[in-house]
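> Quick one: this structure, given as structure tokens, is what I'll be asking you about.
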Amino acid sequence: MNYVSTRDNWEPSEAKAVIRMGMVPDGGLFVPADYPEIQLNELKNITQYTECAITIMKKFLTDYDDHELKAIISQSYSSNFASPHIAPLYTYDNSIGILELWHGPTAAFKDMALQCMPRLLIHSLRSLEKAVKVMILVATSGDTGKAALEGFKNVDGTRIITFYPSEGVSLIQKQQMITQEGDNTKAVGVRGNFDDCQTAVKKAFQDKELREKARQKGFIFSSANSINWGRLVPQIVYYFWAYIQSVKKGMIRWGDAINVCVPTGNFGNILAAYYAYKMGLPVRQFICASNMNNVLTDFLQTGTYSTKREFHTTVSPSMDIVISSNLERLIFDLVLRDGKIVRKYYEELKQTNSFALDSGPLKEMQNLFYGAYAGEEDTFAIIKEVFHSSGYVLDTHTAVGFHVLKKYREKTKDTTPVILTATANPYKFPVAVYYAITGKKGLSDYEALQQLHKKTSMPIHQSLMGIENRKITNRDIIDPEEIETYIEHNL
Ligand SMILES: *Cc1c(COP(=O)(O)O)cnc(C)c1O
């Protein structure tokens, strides 16, 4: 199976090559040339997450042999996850299933992809160019960084640098990164916000001179950001897994339609749901939830994507974003896969900071996607409400999703059973969650973590226990302009 560029500027390539490259060197993202189909019958006998993963992923990763893929998948999803179901579905009520994607080693949903992607990448490298080493460059709004560091830790032939906004992540997120172990890992604070990091890293990727310097030292660059196909393909899996579990738990019957509600930032997670739908998963509506950085809400409502807006630092920092990279992949489909149109839009975006979809694609998008956002108070209120009514603890990102889901249902009266993705463990954002539930402020992350545990009795995620006492291994802080030099020095 081949992959093509959203900007029609690269030859069709197979999965291994695409995963090795990360993004299209001249700008643009790789997407499957067509969508493999799945029959629900293929899912009916599945009882394990790994079986589901093999069934789905082998349809996309046709140049990995079955044996290889099975090994990758069984190593990626095993005791490194704290639940034997890997991504268990919590039935909140008979029409809301909360898909808990945070049982992996870093307590956020990024593990679902990043425990797997480094292995996909290494197999790709070994079969394409045996001697080459890979330098992974990651811009992170918090959760990706740690998950990528953990995924690549001590993986032979790889080196990884993650760039995070030095003041834009929580204390716990920062602590997770700056205490990272592994000889091949670095976490660097950047003075600026996430978009500054992402823009600078993208620039580094496109810098031919830097690429040449890396080559001379035996390195190629690759990304672990959600623009890499190797990140997206493992994420498609859990929507099918959620469906299987919904049937098992009696929420739906085989063939019934579901809705999907996703707290969204870079548009990777919700795009994976859309890809599952394109393969045949019966989804009626995609509910795209944003925080105050509601560029996607505006886009879904008006068809105009505009980055001329204020950047807000919120209590759901992993969704603090103005440029939502994976959206380009959806747009490619909306304009009937005409790469020239996508290129035109993104050139406009670069020059004028905005572009507007034509009415055809806009209508198509609005048929499938509903967008709304939660303000900070909405986020706190829903955490409190859900905890007091059910005892279930939402993290701040999942809370944004829950609020928007509620809003959607009030507005549309659509009661289709819904899968809400829970993207982080609440203990990753304990200050905000504790405040939401108790109204108490002024605690440090570590105090809040303990207090939250006392209040809710929810078990503390194993990766966060004793985190305050770990040894700091990464102290570098730089300006965005220094990113390329920093990379060069670490080759
Ligand atoms: C990354 C992240 C998101 C946003 O996911 P996208 O795939 O970028 O849309 C939401 N919640 C949490 C906790 C995250 O780490």
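> Looking at region 255-278, which of its residues are part of a strand (DSSP E or B) and either surrounded by fewer than 24 Cβ atoms within 10 Å (Cβ to Cβ) or more than 14 Å from the ligand (Cβ to nearest atom) (or both)? Let's see the steps before the verdict.
First, the residues of region 255-278 that are part of a strand (DSSP E or B): 258-263.
Residues satisfying the conditions are I258, N259.
> Now for a different question. How do the pairs read when you match residues in region 322-335 that are farther than 12 Å from L296 by Cβ and in a loop (DSSP other than H, G, I, E, B) with residues anywhere that are more than 15 Å from the ligand (Cβ to nearest atom) and of a type in the set (S, T, Y), using Cβ under 9 Å and keeping only pairs 6 or more apart or on different chains?
So the pair list comes out as V335/Y345.
Residues are listed down the side, and each one gets a yes or a no for (1) touching a strand residue (DSSP E or B) at 6+ places or on another chain (Cβ under 9 Å); (2) not small (G, A, S):
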| position | (1), (2) |
| --- | --- |
| S354 | yes, no |
| F369 | yes, yes |
| A372 | yes, no |
| D378 | no, yes |
| I383 | no, yes |
| V400 | yes, yes |
| E410 | no, yes |
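> Follow-up. Within region 121-152, can you find the residues that are buried (at least 24 other Cβ atoms within 10 Å of the Cβ) and either over 17 Å from the mean Cα position of the chain (by Cα) or without any contact (Cβ under 8 Å) to a residue 24 or more places away in the chain (or both)?
Hits for region 121-152 are L121, S124, V134.
> Right, something else. Would a scan of region 145-156 turn up a residue that is of a type in the set (S, T, N, Q) and on the phi > 0 side of the Ramachandran plot?
Filtering region 145-156 for residues of a type in the set (S, T, N, Q) gives 154.
Narrowing further to those that are on the phi > 0 side of the Ramachandran plot: 154.
Checking region 145-156: at least one residue is of a type in the set (S, T, N, Q) and on the phi > 0 side of the Ramachandran plot.
> Looking only at region 379-414, count how many residues are within 16 Å of the ligand (Cβ to nearest atom) and in a helix (DSSP H, G or I). Before the answer, list the steps.
Start the filter on region 379-414 by keeping residues that are within 16 Å of the ligand (Cβ to nearest atom), which leaves 379, 382-383, 393-405.
Now drop any that are not in a helix (DSSP H, G or I), which leaves 379, 382-383, 396-405.
Total meeting the criteria: 13.
> Oh, and also: Considering (1) surrounded by fewer than 22 Cβ atoms within 10 Å (Cβ to Cβ); (2) among the basic types (K, R); (3) within 16 Å of the ligand (Cβ to nearest atom); (4) under 29 Å from P430 (Cβ atoms), say which one K202 fails and leave the rest.
(4)
> Here's a follow-up. How many of the residues in region 451-485 are surrounded by 14 or more Cβ atoms within 10 Å (Cβ to Cβ) and without any contact (Cβ under 8 Å) to a residue 12 or more places away in the chain?
So the answer is 1.
> Here's a follow-up. Does L69 satisfy the criteria of being buried (at least 19 other Cβ atoms within 10 Å of the Cβ), free of Cβ contacts under 8 Å to residues at least 24 places away in the same chain and out of contact with any strand residue (DSSP E or B) (no Cβ under 8 Å at 6 or more places or on another chain)? Break it down stepwise before answering.
Details: buried (at least 19 other Cβ atoms within 10 Å of the Cβ): yes; free of Cβ contacts under 8 Å to residues at least 24 places away in the same chain: yes; out of contact with any strand residue (DSSP E or B) (no Cβ under 8 Å at 6 or more places or on another chain): yes.
Yes: the conditions hold for L69.
> Hey, another quick one. Return the only residue of I98, I72 being under 22 Å from the mean Cα position of the chain (by Cα) and over 24 Å from V31 (Cβ atoms).
Working: I72 fails: over 24 Å from V31 (Cβ atoms).
Testing whether each residue is under 22 Å from the mean Cα position of the chain (by Cα) and over 24 Å from V31 (Cβ atoms) leaves just I98.
> Restricting to region 415-429, and then to whatever is part of a helix (DSSP H, G or I) and modelled with pLDDT of 95 or more, can you tell me which residue is surrounded by the fewest Cβ atoms within 10 Å (Cβ to Cβ)? Before the answer, list the steps.
Looking only at region 415-429, we keep the residues that are part of a helix (DSSP H, G or I), and these are 426-428.
Filter once more, so that each one left must be modelled with pLDDT of 95 or more: 426-427.
Numbers: P426: 30, Y427: 28.
For region 415-429, the residue satisfying everything is Y427.
> What's the total number of residues in region 336-357 that are acidic (D, E) and in contact (Cβ under 8 Å) with a residue 40 or more places away in the chain? Show your work before the answer.
Kept after step one, since they are acidic (D, E), are these residues of region 336-357: 338, 347-348.
Narrowing further to those that are in contact (Cβ under 8 Å) with a residue 40 or more places away in the chain: 338.
Result for region 336-357: 1.
> Among what's in region 27-66 and is within 23 Å of the chain's Cα centre (by Cα) and acidic (D, E), pick the residue that is farthest from M112 (Cα to Cα).
D34
> In region 415-461, which residues are of a type in the set (A, V, I, L, M) and within 16 Å of the ligand (Cβ to nearest atom)? Break it down into steps so the answer makes sense when it comes.
Taking region 415-461 first, the residues of a type in the set (A, V, I, L, M) are 418-420, 422, 424, 431-433, 436-437, 443, 448-449, 452, 458, 460.
I419, L420, A422, A424, V431, A432, V433, A436 - these are the residues of region 415-461 that are of a type in the set (A, V, I, L, M) and within 16 Å of the ligand (Cβ to nearest atom).
> Any idea which of (1) more than 20 Å from P36 (Cβ to Cβ); (2) within 16 Å of the ligand (Cβ to nearest atom) is the one Q301 doesn't satisfy?
Single failed check for Q301: (2).
> Moving to a separate point now. Taking region 318-364 as the region of interest, how many residues are away from the ligand (no atom under 16 Å from the Cβ), surrounded by 15 or more Cβ atoms within 10 Å (Cβ to Cβ) and not hydroxyl-bearing (S, T, Y)?
The number of residues fulfilling the criteria is 15.
The values are calculated or read from the model by the stated rules, or taken from the named source; none is laboratory data. The shown structure was predicted, so the numbers you read here are calculated from the model rather than taken from an experiment. Every residue, glycine as well, gets a Cβ built from its backbone with ideal geometry; the counts of neighbours run over all protein chains shown.
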